[in-house]
Amino acid sequence: MSRLWYGKKGRKHQPVNHKYALVVSVAEYHRRIDALNSEELRTLCRRLQITTREDINSKQATNIKTDLEPEAFRPNLSDPSELLQPEQIEKLTKSLPPRTIGYPWTLVYSTAKHGMSLKTLYRTMLGLDTPVLLVIKDSDGQVFGALASEPFKVSDGFYGTGETFMFTFSPDFEVFKWTGDNMFFIKGDMDSLAFGGGGGEFALWLDGDLYHGRSHSCKTFGNHTLSKREDFIIQDIEIWGFE
């Protein structure tokens, strides 16, 4: 026999027919509650034009990020750069690996201080444990270079990781990341320093005197020629570490 029960104000309510009641597991119950508390609830709030605390926090976080970004991309430099303008430094910083962000830029090598010698360049890398940024200015006044995932060294073969990339400001700023086509990142010996490969061409090649250089498109980075001409004369070099 069915029973009637009375709620507030004496209203009659029919009992629940448990034979046809929907039964769900505890896990499913919590899943539905979580769904309602997340995406479905946000959708409902948007339809009703209700601003949630999450929306407010998201907007505040966006505003804070916008305020902090310009400063985050203006690193402290151990020495003034003779080759990069402040806006160029800011553009490069935005492309650097995350593990370099927040560290000051340390001038590890420059032709103005150390002379034009690949042997000296290698010597300044000893004991360094950080990616390094190679910046070149050629006789045409063009600025370009590479971010190496580790310091330069003499090697029997190629070394480095996919963090390595090429860049140029000739004529506009462009970054060429690893394509995944091969792993010819960096190769050094006493006669040259080279980046990229495939098809017999390097993305960037410097001779042992750091006087002549060459740039060509290559499969490693999918880059075009970084300088105005494939063969160029090096005017100055700076190498920056992050520590």
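The values are calculated or read from the model by the stated rules, or taken from the named source; none is laboratory data. Here the structure is a predicted model, which is why all the values come from computation and not from measurement. Ideal geometry is used to build each Cβ from the backbone, glycine not excepted, and the neighbour counts take in all protein chains shown. Side chains are part of the model used for accessible areas, which takes the heavy atoms of the whole protein and leaves out ligands, DNA and RNA. Shrake-Rupley method; radii C 1.70, N 1.55, O 1.52, S 1.80 Å.
Less than 5 angstrom separates the built amide H of Trp105 from those of Asn76, Leu77, Ser78, all sequence-distant by 5 or more or on a different chain. An oblate overall shape is assigned to the stretch 200-243, the ratio a/c of its alpha-carbon gyration tensor axes (a ≥ b ≥ c) being 1.5 or greater and a/b not exceeding b/c.
Using a probe of 1.4 Å on the protein chains alone, the accessible area found for Val143 is around 10 Å². Note that the stretch 81-97 has calculated 3J(HN,Hα) couplings of 7, 8, 10, 10, 7, x, 5, 6, 4, 5, 5, 5, 4, 5, 9, 6, x Hz, one per residue in order, obtained from phi through the Karplus relation 6.51 cos²θ - 1.76 cosθ + 1.60 (θ = phi - 60°); glycine and proline are x.
Give me the number: length gained by fully extending Ile233 to Met183, i.e. 0.36 nm times residue separation minus the C-alpha to C-alpha distance, one decimal in nm. Kindly include the intermediate steps, with their values, before the conclusion.
Working: separation 50, 0.36 × 50 = 18.00 nm, distance 2.74 nm.
Value of the extension gain: 15.3 nm.
Accessible surface comparison of Thr93, Thr225, probe 1.4 Å, protein chains only, largest first: the order is Thr225, Thr93.
A cut-off of 5 Å between modelled amide H atoms, ignoring neighbours fewer than 5 places along the same chain, links Ser227 with no other residue. How large is log10 I(q)/I(0) at q = 0.11, 0.20 Å⁻¹ when the Debye formula is applied to the Cα atoms of the stretch 92-241, each weighted equally and without solvent? So the normalised log intensities are -0.35, -1.35.
Here the accessible area is traced with a 1.4 Å probe on the protein chains. For the stretch 117-243, carbon and sulfur cover 48 percent of it. Taking all protein chains as they are arranged and a probe of 1.4 Å, the heavy atoms of Trp178 leave approximately 100 Å² accessible to solvent.
In this structure, the amide hydrogen of Gln235, modeled 1.01 Å from its nitrogen in the peptide plane, lies closer than 5 angstrom to those of Lys137, Asp138, Ser139, counting only residues at least 5 positions away or on a different chain. Provide the gained length on full extension for the span Asp79 to Tyr211, in nm with one decimal, where the gain is 0.36 nm per separating residue minus the Cα-Cα distance. Contour length minus Cα-Cα distance gives 45.2 nm.
Within a Cβ distance under 12 Å of Thr124, other residues only, what is the Lys/Arg minus Asp/Glu net charge? It would help to have the intermediate numbers written out before the result.
Details: positive: Lys113, Lys119, Arg123, Lys153; negative: Glu238.
Once positives and negatives cancel, what remains is +3.
Solvent-accessible surface of protein heavy atoms, probed at 1.4 angstrom with all chains present, puts Leu193, Leu107 in the order Leu107, Leu193, largest first. Checking the Cα-Cα distances for Lys113/Lys177; Lys91/Lys228; Lys119/Lys219; Lys94/Lys119 against a 25 Å cut-off, the pairs over it are Lys113/Lys177; Lys119/Lys219; Lys94/Lys119.
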